[in-house]
Amino acid sequence: IFAPIYSLLFVYAITSKYIVIPKFRIKTVKEKHKLPVLILLSIIMLIPFVLTYKFNINAKSFTFGSELYEARAAAKSAGNIFTSYLMGPLTKVVLPIAIILGIKEKKLWMSAIGILLMLYIFAVNPHKALFLSIFLIVAFYFFDNYRSKAGLILSGILILIFTSLIVSATTGNILAESIFVRRMFFLPVQICNYCFDFYDGNPIYLSHSVLSGFSDYPYSLE
């Protein structure tokens, strides 16, 4: 019963004329300041990664086999709250913008730095999506039309699927098929179902977060 009540209270809070929610003014960065701001943001957000992982590049990150998961587990155990929270904004926002802006402004050194920094983060904390996104970022820039981008995505997925199936059928190696078929389409849905089944009737009320003081976390594992 509390879920719809909370939802109605939230809708009332954002629509009522009697409740004033402060608005934040966003300052637009001038064209001539975009690159310096991106460089400064990149350096600031990169500092926790350098301090945490230094330059201990793990060659296993580039194997894309089971060794990659070992490297990822080691990176997770060595990480901290700063590397966890800055990973997304840095690799999905700041560095991609730097890469595209470098190409657009014909400052290829900026694009090269952005790509190298993404490769560095992948080398110390490997996620396959991060490595593949480098190619997608550059490819999307050269397709202005949304239909072209959609066609690029669908064509790429189909090529990966058929190629991985052919490799699996001819060589017996199921790694590519596992990554591009099971991992891409089936595993996320299966994990989602497991998650809902596990927590169905057993809510934890954000007791694993900073709100742990209001509710006890019921499990022995994080």
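Determine whether the stretch 201-212 contains at least one residue that is outside any loop (DSSP other than H, G, I, E, B), closer than 28 Å to ILE81 by Cα and without any contact (Cβ under 8 Å) to a residue 40 or more places away in the chain.
Start the filter on the stretch 201-212 by keeping residues that are outside any loop (DSSP other than H, G, I, E, B), which leaves none.
Among the residues of the stretch 201-212, not one is outside any loop (DSSP other than H, G, I, E, B), closer than 28 Å to ILE81 by Cα and without any contact (Cβ under 8 Å) to a residue 40 or more places away in the chain, which makes the answer no.
For the stretch 31-56, which residues satisfy the criterion of being open to solvent by 90 Å² or more (accessible area, probe 1.4 Å) and either closer than 30 Å to ILE179 by Cα or hydrophobic (A, V, I, L, M, F, W, C) (or both)?
LEU40, ILE43, ILE44, LEU51, LYS54, PHE55, ASN56
For a quick check of your reading of the model, give me the residue pairs whose first member lies in the stretch 125-140 and is outside any helix (DSSP H, G or I), whose second is of a type in the set (Gly, Ala, Ser), with beta-carbon atoms closer than 9 Å and at least 6 apart or on different chains.
Once the first residue is outside any helix (DSSP H, G or I) and sits in the stretch 125-140, its partners that are of a type in the set (Gly, Ala, Ser) give ASN125/SER61; ASN125/ALA71; ASN125/ALA75; ASN125/ALA78; ASN125/GLY79; PRO126/SER61; PRO126/ALA71; PRO126/ALA75.
Starting from the stretch 159-181, keep only residues that are within 17 Å of PHE64 (Cα to Cα) and open to solvent by less than 70 Å² (accessible area, probe 1.4 Å), then list their pairs with residues that are among the polar types (S, T, N, Q) and not in a helix (DSSP H, G or I) whose Cβ atoms are within a distance under 9 Å, requiring at least 6 positions of separation or different chains.
Here the result reads VAL167/ASN173, each pair linking the stretch 159-181 to a residue that is among the polar types (S, T, N, Q) and not in a helix (DSSP H, G or I).
The values are calculated or read from the model by the stated rules, or taken from the named source; none is laboratory data. Note that the coordinates shown come from a computational prediction; the quantities given were computed from them, not determined experimentally. Positions of Cβ are generated from backbone atoms using ideal geometry, with glycine treated the same way; all protein chains shown enter the neighbour counts. To get the accessible areas, we keep the full protein, side chains included, count just its heavy atoms, and leave off ligands, DNA and RNA. Shrake-Rupley method; radii C 1.70, N 1.55, O 1.52, S 1.80 Å.
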